[in-house]
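To start, the structure itself, in structure tokens.
The values are calculated or read from the model by the stated rules, or taken from the named source; none is laboratory data. All values derive from a computational prediction rather than experimental measurement. Virtual Cβ from ideal backbone geometry, glycine too; neighbours counted across all protein chains shown. Side chains are part of the model used for accessible areas, which takes the heavy atoms of the whole protein and leaves out ligands, DNA and RNA. Shrake-Rupley method; radii C 1.70, N 1.55, O 1.52, S 1.80 Å.
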Amino acid sequence: MTENMTFLAMQGISKYFAKVIANDKIDIDVKYGEILGILGENGAGKTTLMNILYGLYAPDEGQIVIDDQPVSIHSPKDSILHGIGMVHQHFMLVPTHTVVENIILGMSSQKGRLRLRQAAEEILTLSQQLGFQIDPFSYIRDLPVGTQQKVEILKSIYRGAKLLIMDEPTAVLTPQETEEMFKILRHFTGSGNAVIFITHKLNEVMAITDRITVLRDGKLIGTVKRTETTTNELARMMVGRDIALTVNKHAQPISAEIGLRVENVTVQNQHHKNVLHNLSLTIQRGEILGIAGVSGNGQEELAEVLSGLRKVSSGHIYVKGREVTNLSAKEMIEHGVSFIPEDRQHTGLILDMSIYENLMLKSFYRTPFSNRHFLNKQATLNHAATLIANYNIKTPSPATKVKNLSGGHQQKVVVARELSLEPEVLIAFQPTRGLDIGAIEYVHTLILQARNEGKSVLLISTELSEIFSLSDRIGVLYQGEILKIFEAADATIEEVGLLMAGVKEKTTGMKNKKE
Ligand SMILES: Nc1ncnc2c1ncn2[C@@H]1O[C@H](COP(=O)(O)OP(=O)(O)OP(=O)(O)O)[C@@H](O)[C@H]1O
Ligand SMILES: [Mg+2]
């Protein structure tokens with residue numbers, strides 16, 4: 001039996017980026033059949049360490065050992081040869097290609113075009129062995145994120161991975177999809193394979209890992225057995241202090257004034273199918289309306305319509321009584337609508353531009369940053385420096401390109417920019433995706449603060465805990481319709497969960513606040 005034998009170890013690994021020490025003499029090891037969790041705050045060095053293991057970065061110090069033999073890994077090709085696969089924090093599939101094309105893309109030539117059909121069969125069998133089914137000929141762009149991720153997993157295993165690195169794999173998944181993915185990972189490790197699992201979610205660490213390694217500021221804090229630790233201990237190891245794991249929301253009088261009104265909005269997709277159907281909602285000033293739902297039920301379309309990125313086919317939208325239906329994204333900003341998008345890498349940021357430029361993207365034409373013709377660079381730099389300090393964005397300089405920030409710090413740049421616009425209406429779509437617990441605590445505080453200042457907040461999230469801890473009212477979106485809107489105090493996780501799955505209970509006479 002190979003169990004309890006060390007499969008792979010990283011020993012004394014260091015990595016520097018100019019002045020930043022991303023990894024400082026880190027030791028980790030993974031055993032056969034084990035799921036090792038890696039925990040750490042945003043910027044702690046998790047992704048960097050895994051990029052080294054996968055051959056994307058060369059370490060400045062240290063070595064990698066597999067089955068007690070030092071190995072040299074200089075590229076992902078080398079790591080795949082050594083049985084290491086990686087599912088990245090941001091997926092790397094080609095949307096316009098099919099599942100099978102994506103899986104065999106870039107593999108050696110005998111696995112090329114002629115073998116497509118055979119590969120498709122192998123992929124089908126492999127997916128069944130792992131406990132799910134997938135159509136190898138469907139296009140990536142048509143698949144929900146949860147399924148895209150399964151494709152990433154299949155791709156690695158098809159290429160011979162015995163160790164799967166999963167970098168924040170659940171950040172984009174619904175609770176059901178997460179549960180399915182856990183099953184797949186357990187199947188995978190059940191036969192002696194190993195997984196390294198990076199996440200910020202302590203409940204997931206406790207649910208799936210065998211041991212947990214904690215990093216902080218590029219340093220190894222320690223490795224503990226899951227059965228011998230607690231979420232509180234892990235949080236303390238991660239952050240270096242005790243932190244509140246729940247937010248304290250104080251009830252507060254809500255102004256009767258309506259900040260955002262959506263009236264009978266219908267949106268069609270390119271196939272003329274209704275993706276939002278006669279949807280109505282209102283949000284008062286000083287109120288947070290949470291929209292729960294399994295992703296793919298119209299959340300994206302709702303967010304896009306409200307941020308001017310998509311047109312409605314019928315219906316009306318008003319901000320503080322002024323009609324804004326079908327205005328452009330820039331006009332929506334001018335009407336006081338801020339938008340934290342779900343997909344920071346495509347919609348939220350320009351990765352090749354600096355932090356300070358990204359922070360200015362939506363306000364560069366305003367004073368004090370511009371006097372109609374000239375950009376005031378000093379003002380933009382000052383603005384950036386303030387936000388970087390307030391949001392604790394870890395970077396050597398405001399001029400650093402956003403693509404060189406850790407995932408969580410990229411998210412902070414988006415949140416900082418949107419809230420700094422001082423909006424009337426804030427559309428927050430998965431605002432804390434990828435953030436560590438300290439940063440989540442901070443962003444939640446900011447969202448509550450925006451509410452307390454009289455802003456209307458639409459919080460769209462697949463994290464039920466987030467919806468429940470922040471919302472004043474909770475609506476459930478299912479197949480483009482809001483099935484019900486609850487007062488937060490009247491909502492239970494069970495009932496919301498059932499509605500998310502489309503199960504409508506018999507009406508109990510509870511008032512439906514939907515207007
Ligand atoms: N290519 C790069 N160039 C410069 N600095 C980098 C680069 N990649 C990472 N860094 C820096 O190294 C540090 C560690 O980043 P890393 O992405 O490993 O963090 P992480 O633990 O994965 O964080 P997160 O949870 O936010 O994804 C950060 O300060 C980051 O800005
Ligand atoms: Mg990362």
Hull-based mean projected area of segment 92-227, where the convex hull spans the alpha carbons, in square nanometres: 9.3
FRET E, pair R241, T96, Förster distance 60 Å, beta-carbon r, rounded to 0.05: 0.80
At least 15 Å along the helix axis (C-alpha) and Kyte average at least -1.0, DSSP helices within the chain: 116-129, 145-158, 175-190, 377-390, 407-420, 437-452
In Hz, Karplus ³J(HN,Hα) per residue of segment 460-475 (6.51, -1.76, 1.60; θ = phi - 60°; x = Gly, Pro): 9, 8, 8, 7, 4, 5, 5, 4, 6, 7, 10, 6, 8, 10, 10, x
Links that overshoot a 18 Å alpha carbon limit, given the list K25/K401; K19/K219; K201/K394; K273/K484: K25/K401; K201/K394; K273/K484
Proximal lysines relative to K77, as straight alpha-carbon distance under 16 Å, when same-chain residues fewer than 8 apart are discounted: K111, K155, K162
Cα convex hull volume per residue for the chain (Å³): 167
Value at 222 nm in deg cm²/dmol, rounded to 500, when DSSP H runs of n ≥ 4 in the chain each add -39,500 (n - 2.57): -9000 deg cm²/dmol
Which of M50, M206 is most accessible, then next, and so on - probe 1.4 Å: M206, M50
Length added when fully stretched, Q133-M5, from 0.36 nm per residue minus Cα-Cα: 42.9 nm
Under 14 Å, Cβ to Cβ, from L387 - net charge with Lys/Arg +1 and Asp/Glu -1: +1
Neighbour net charge for V324 - beta-carbon separation under 11 angstrom, K R +1, D E -1: -1
Residues with amide H under 5 Å from that of F17, placed H, sequence gap 5 or more: A22
